[in-house]
1. Condition first: over 26 Å from residue A:349 (Cβ atoms) and either of a type in the set (A, V, I, L, M) or in contact with a Cys (Cβ under 8 Å, 6 or more places away or on another chain) (or both). Now tell me which residues in the range A:35-71 satisfy that.
2. Test each condition in (1) away from every other protein chain (no Cβ under 14 Å); (2) in contact with a helix residue (DSSP H, G or I) (Cβ under 7 Å, 6 or more places away or on another chain); (3) assigned to a loop (DSSP other than H, G, I, E, B) for residue B:164 and report the one that comes out false.
3. Anything in the range B:49-86 that is more than 26 Å from residue B:154 (Cβ to Cβ), assigned to a loop (DSSP other than H, G, I, E, B) and over 15 Å from the mean Cα position of the chain (by Cα)? List them, or say none.
4. Failed condition for residue B:131, given (1) surrounded by 11 or more Cβ atoms within 10 Å (Cβ to Cβ); (2) among the aliphatic types (A, V, I, L, M); (3) at pLDDT 95 or above, with all others met?
5. Within the range B:87-99, track down each residue that is assigned to a loop (DSSP other than H, G, I, E, B) and more than 24 Å from residue B:145 (Cβ to Cβ).
6. Could you please find all residues in the range A:32-71 being over 21 Å from residue A:250 (Cα atoms) and touching an Asp or Glu at 6+ places or on another chain (Cβ under 8 Å)?
7. Could you tell me how many of the residues in the range A:63-103 are without any contact (Cβ under 8 Å) to a residue 60 or more places away in the chain, more than 27 Å from residue A:222 (Cα to Cα) and part of a loop (DSSP other than H, G, I, E, B)?
8. Which members of the range A:302-341 meet the condition of being within 11 Å of chain B (Cβ to nearest Cβ), closer than 24 Å to residue A:229 by Cβ and either more than 22 Å from the chain's Cα centre (by Cα) or β-branched (Val, Ile, Thr) (or both)?
Amino acid sequence: MITNKSQHSGDAEKSMKSYLAPLVQQIQPSGIRKFFDLAAGSKDIISLGVGEPDFKTPWHVREACVYSLERGFTGYTSNAGMPELREGIAQYLHSRFAVDYNPANEIIATVGGSEAIDLALRALISPGDEILIPEPCYISYSPITAIGGGVPVGIETFGENQFKLDAADLEAKITPRSKILILCYPSNPTGAIMSREDWEPIARVVEKHDLIVISDEIYAELTYGSNHVSFPSLPGMKDRTILVSGFSKAFAMTGWRMGYACGHPDLIAAMLKIHQYTVMCAPSMGQVAALEALSNGMEEKDRMVESYNQRRRLIIKGLRDAGLECHEPQGAFYAFPSIRATGLTSDEFAQRLLFEYKVAAVPGSVFGLGGEGYLRCSYATSVTQLNEAIERIGAFVRKLEQERRG
Amino acid sequence: MREMDELKQKVLELLKEDARTSTELMATLLGAEEEDIRTAIEQMEQDHVIVKYTTVVNWDKVDDERVTALIEVQITPERGRGFEGIAERIYMYPQVKSVYLMSGAFDLLVEVEGRNLREVANFVSEKLSPIDSVLSTKTNFTLKKYKQDGIIFEEHEEDNRLMISP
């Protein structure tokens, strides 16, 4: 008999766990989850822990979706997504990032960028393949790799180098089993970007070792000062890259779960096979909204990017004034200050900041190698909240200084 | 020069959002020198680009009776002065809150405020209609103000994001 969880029947729970697949059981709960639970119990918190825009989806996008629902546009679409949407994505990628994909067989609309990453990994991994992952990075890559039977291999990146991926560090981790390199620039959590000059040596290593690249460019629109350089736009890289992106960050559409993958027809066909058996198609109403965002959303998107940029300047200055070393993040909406000078681990720092000063941020350690000693602060929150948070962080840092002296 | 124009544009956008934003904060947000921000504001004040700093009030929440009417006015333009003279004769009244010259079926749109219906009606019959060049008026009373100058009065969108997310 299956016992209700609320009855605290520990034995029954344990016995049910034994049915689980070992691969899934081995996956550790995310460190972010722990902070979520800690923060959820506290009141009057200012949160710098949110990994999504503070804007609502622009009204014209919401309205277009409502209109499509009223007209009864509620059925399945073709597996790869509405042809108009794929056409729209192709045009957008061409004009914004100089990459060309055929909407007929090189683009697939997915349930968020997350599904695209899952599809790509499942389509490519054979058991034991090594997947190279520059860290600190978004928390999902390693677990999805492991579920697929792959072996995640972290490549540390460093604050001294603005958390850019270094070709020599990459090459040092390559073995005969290396198959895939997962890239995520602009980076969550570090805000790092890669310029054309930064990419070129990486592309040479990829070519030399015959790697496949999954390039997660979900933050591509959020760069400050220079346009994002899309990895498949580099010479020779298009065929060996699966480009993953989506609407969440650029158009403030996180809850819609609309993303896409682009790549060589052979790879996309394999991903489409998994996609059609697992989810059929991305939600039709989300697809309508995504198309509206691409067709009429650029002005509003630019306004949001300008607003992030203003707040980026505010938080960097604020964190530095508070006494924390902070490299200048050139993309996404995260600052990633070093808290090493305080002598605390990032977990201790984040917990005390939360409990003693009511500011929630995410310890760098949850993002993998190289994240210890740093704190992820999302600046996608109001100027008033940012100013208050910065003041509290400053007070906390001063208190820590006194503690060390005393 | 171009840079100064861009800076002015951005300063205006920040001030439009919150006229009390300090020059120090604006300098940080825009990555500019505070001195340049001050210069930009001074120039715009002198040039009357910035006309006035004021407050958007939701009078419905103040215990204070007042009614507003939007009045469509048809007029005969004056030789040599067009609509300017007649517009001035109307906008000089303190109870007139705004005056626009319009394209379409009428000429001036006049926003008038009064303590009650009778006060506004009196203004129309005793001040506005008797003006020689006024041909006709059509008075529309407003019932509720939802949005003014891009500001929604009853904002009901809250931040309902998760406190921590990846």
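1. A:61, A:64, A:66, A:69
2. (1)
3. Answer for the range B:49-86, where residues must be more than 26 Å from residue B:154 (Cβ to Cβ), assigned to a loop (DSSP other than H, G, I, E, B) and over 15 Å from the mean Cα position of the chain (by Cα): B:76, B:77, B:79, B:80, B:81, B:83.
4. (3)
5. Across the range B:87-99, the qualifying residue is only B:92.
6. A:46 - this is the single residue of the range A:32-71 that is over 21 Å from residue A:250 (Cα atoms) and touching an Asp or Glu at 6+ places or on another chain (Cβ under 8 Å).
7. Total satisfying the criteria: 2.
8. A:316
The values are calculated or read from the model by the stated rules, or taken from the named source; none is laboratory data. What you see is a predicted model, and the numbers here were worked out from it, not measured in a lab. Virtual Cβ from ideal backbone geometry, glycine too; neighbours counted across all protein chains shown.
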